[in-house]
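Participant: Mind having a look at this structure? Questions to follow.
What follows is calculated from the coordinates using simple rules that are stated; it is not laboratory data. A quick note: this is a predicted structure, and the numbers were derived from the prediction, not measured.
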Amino acid sequence: MNSFLGNNCILFRHILPTLCLLIASSMPLLGQDHLKEVKKQAELMSQALVRGEYSSYVKRTYPGLVAALGGEEKMISGLEKRAEGQKQEGVTLEAVRLNTPAQLTISGSDWYTTIVQIQTFKVKKGGKKDKGGWLESPSTLLALSTDGGSSWYFIDTATLPEKELRALLPSLPKEFKLPSRQLPVFVPN
């Protein structure tokens, strides 16, 4: 019995702490890989919106929100009407930039993070003195994965009050904080 403990004592004193250290140090890398993936998928969604490919945009939107808005067809129709209305007012979405995603929050099998996005709109001039310009509108995307970070769904929180967001996502931890809303900035030509 003593020889068993003596031989395994080396394992417990040297190898096990080293193994624990290796596992612990690899955890941030695991998170970084998932954050890269969530940003990649958010970029695909954002580019679909810029190109007017609303079907692709809706497929990356959180299904619970799509259902709450009346389904895919109704959401696509709403996006088309909004874009047409903006176009008639001389406003067109030109680009979307994404910041680095925030740290992952895990609640059961659901993974959450946020990404600040900045939508850039071209604003055509409205009259002789109005030269038009650019409107930069920041908002936060809430990203959700239910499969360990392989696929992500998104909710643009710009027009969704936090109370409604939490009703839509009951597993969203109470301590999970969304960044405060920022006002759009107009840059004249």
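Participant: Which entries of Lys40/Lys74; Lys122/Lys177; Lys36/Lys59 have Cα-Cα distances beyond 24 Å here?
Facilitator: Lys40/Lys74; Lys122/Lys177
Participant: Under a straight-distance cross-link criterion of Cα-Cα below 17 Å, which lysines are reachable from Lys174, leaving out those fewer than 8 residues away in the same chain?
Facilitator: Lys163
Participant: Which whole-percent values make up P(r) of region 32-181 when all C-alpha to C-alpha distances are grouped in 5 Å steps starting at zero?
Facilitator: 2, 9, 17, 21, 20, 14, 8, 5, 2, 1, 0, 0
Participant: May I pose another question? Straight-line reach from Lys131: which aspartates and glutamates have a Cα under 15 Å away, not including same-chain ones fewer than 8 places off?
Facilitator: Glu89
Participant: Let me ask something else about it. Convert 25 °C to kelvin, take the viscosity as 0.890 mPa s, use the Kirkwood radius over C-alpha pairs of region 99-183 as Rh, and evaluate the Stokes-Einstein diffusion coefficient in µm²/s, rounded to a whole number.
Facilitator: The Stokes-Einstein estimate is 168 µm²/s.
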